[in-house]
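Following: one structure in structure tokens, then a few remarks.
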Amino acid sequence: MESFRLNHRNDLDLLKGIAIIAVVLYHMGISRSGYLGVDAFFVINGFFIMPRVTKDVADGKFHYFSFMEKRIMRLLPLILLATGLSLLVGYWSMLPDDYENLSESVIGTNLFSNNILASITTKNYWDVSNDYKPLMHTWYIGILFEFYLTLPLIALFIKWLCKKLHIDFYKYFIIAIVILSFISLLLYCNPSAKVGEKFYLLHYRFYELASGGLAGIWIARQRKGTIYENRILSALIFIFLALLMFVSIIYVEGQTSEYSPVMGIITNNKSLIPQEILLLSTVLLTILFVICNNIRSQLISSLINMKIFCKLGIMSYSIFIWHQPLLAFYRYSISNDFTTFFIIVFLVVVFVISYISYRFVEKKVKINKRSRVIAIFAFTIINGVAFAIFMHAGVVRDVPELNVQMNNVHRNMHADYVDRIYAYDKDFPLNNGKTNVVVIGHSFARDWGNILLESEMADKINLSYIYKIDSIYIPRISHADYIFIFDWKHNVPKYIWDNIKPNADVWGIGTKNFGESNGIMYKNRYRPDYFKQTIKIKPTYFLINNLMKKEWGDKYIDLLSLSVVDDGRVVVFSDDHKFMSQDTRHLSEGGAKYFAKKIDFKTIFK
């Protein structure tokens, strides 16, 4: 087998520097395609790792546990530092449900499996709620680590098989990786695959890392073709990569595609090129970049000589680790509106912290007895604390605003109130003199059900809940005196109208919103005006509320108007000092009781 030589390359430091800037700007909401920087990192990581593993396995010098220890000690110290500090900051700033979620992510991140946790819980890479999660971005490290786990096992198995069959290891290892990469690519291109899974799970990403690895083996075997020496092509590849990651000309400002009563107006700002094509193009261009002699390009040489981008590339792991916790906690406790001044200050702070982190943590960590003991101790303590917080439902103090007490805590307590309505998914009882009421719809309909249960009507009605409109519920609907639906009136199926009682009333349940983060309010809990705080919500909710009211006419439950104070601001706390909502969308017990007192039910139940 030919020798493998992969020397340090400044041009790859440059690309890493560009890619990490793109990722940071994406998480700030500035570069909409900046997430593609992660795909460039996947290719580069495969480029460096696979040739080393392949050579050592081929030479019989590979030691699996030694290799994994090096990978762990490369990644873990900064992770432990970031997760530990996140728990510390979260202790002061976060409400129970959010702190519980953070503790869960701490454990997932420290076990290099936050990608798997995200695929089970969040499921949607593009969910806005991810902006408020300090460790959301560590899904990338999970995929990377799982690649480190599996690649050597694949190589060792093929080496064992080839030895048994007396065939060439190198040849059949390449064939195996190509086949696995092709399968991974097919899985990624499968239109029925969930978008979240495509981003979070290794088997959808394997081809990116493996293709970089194959390019690394090709380079290491000193095969030089025309493409390798073309300086013009090197510059063009770099320019196109930068365009993909930064320039918004590939996006078009679309028209409003959906009026979502839960999320607000959703605008169709899709790229001119499908996301799958953008990602695959980034992977292909990065492969071409790593196999080119880019130093010959005057453009790339000039950027390398500037040094700043290469230094950012060298510090890219530290930058990646620190930018999201800083950003998420700022959003959670201060604001999601970024001024130009803030953007500049934030980038400076991130780069300063990352330099300190790189200089005094990354470069200082050596694999020895002392570092092992420290890592094991920190790992045990941080995960132990996180597990205790998780099992205590994120409650670290009394939060009377949410009726939370330290001495009365149990898992899933945050969902108990909202979800109690599921117990009412049943047919009406025989005639008992009460009014039959059916509530139809998902979470906002559940909120209306809780309002009814907290109101003066609770003992006067037979409540039935239906999560999703379906013809199988026609018998139940046909016996209802009042039907409350959370949806647009034009979406209500004809069979509902055809099967209601002649004197039955059908009402629309309105939208509502209480800002983006209760943490912005909670940080002021020691101020005398704490419970007087209000928050400005997006104008789109008022537009949607007016459109829904126009559709439903006088049969509309206008919850939003009952929470507005002035100038587009809504109350955050009820009259008895309870959070209206725990997650700014769905009603807490205090919020349900607030509306139960505000609504004149005599105008509804005539």
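Derivation of every value follows stated rules applied to the coordinates shown; laboratory data play no part. These numbers were taken from a predicted model, which means no experiment stands behind them. Cβ sites come from the backbone with ideal geometry, for glycine too, and all protein chains shown count toward neighbours.
Observations, loosely collected:
- Beta bridges per DSSP with both ends in the chain, % antiparallel, nearest 5: 45 percent
- Environment charge at Ile141 (Cβ cut-off 11 Å; Lys +1, Arg +1, Asp -1, Glu -1): +1
- In the chain, helices alone account for a calculated mean residue ellipticity at 222 nm of -18000 deg cm²/dmol, with every DSSP H run of four or more residues adding -39,500 (n - 2.57).
- Net length available on complete extension from Asp576 to Gln405 is 59.9 nm, with 0.36 nm assigned per residue and the Cα-Cα distance removed.
- Electrostatic tally near His63: other residues with Cβ closer than 14 Å to its Cβ, Lys and Arg +1, Asp and Glu -1, net +3.
- The slack between Asp416 and Thr340, meaning 0.36 nm per residue of separation minus the straight C-alpha distance, is 23.2 nm.
- Near Val418, once Lys and Arg are set to +1 and Asp and Glu to -1 for all other residues with Cβ below 12 Å from its Cβ, the sum equals -3.
- Chain lengthening between Lys171 and Glu456 when straightened (0.36 nm per residue, less Cα-Cα): 94.9 nm
- Label of the coordinate-derived value, log10 I(q)/I(0) by the Debye sum over Cα atoms at q = 0.07, 0.12 Å⁻¹, listed as [x] -0.54, -1.24; [y] -0.51, -1.11; [z] -0.46, -1.19: [x]
- In region 45-132, chymotrypsin sites (Phe, Trp or Tyr not before Pro) in a DSSP loop with at most 11 other beta-carbon atoms within 10 Å: Trp126
- Remark: region 411-603 is approximated by an ellipsoid whose semi-axes, taken from the C-alpha gyration tensor as √(5λ), come to 31, 18, 14 Å, largest first.
- Residues of the chain were split at every exposed loop site, defined as GluC sites (Glu not before Pro) in a DSSP loop with at most 14 other C-beta atoms within 10 angstrom, and the longest piece left, sites excluded, is 3-252.
- When each of Val437, Val348, Val571 is scored by the number of other beta-carbon atoms lying within 10 Å, the sequence from fewest to most is Val348, Val571, Val437.
- Simple spin-label estimate for Val195 and Asp567 in nanometres, 7 Å along Cα-Cβ: 3.6 nm
- Förster radius 22 Å - calculated FRET efficiency between Lys70 and Lys311, Cβ distance, rounded to 0.05: 0.40
- When every Cα-Cα distance of region 1-98 is counted in 5 angstrom steps from zero, the calculated P(r) takes the values 2, 10, 12, 14, 18, 16, 12, 8, 5, 3, 1, 0 percent.
- Beta bridges per DSSP with both ends in region 411-603, % antiparallel, nearest 5: 30 percent
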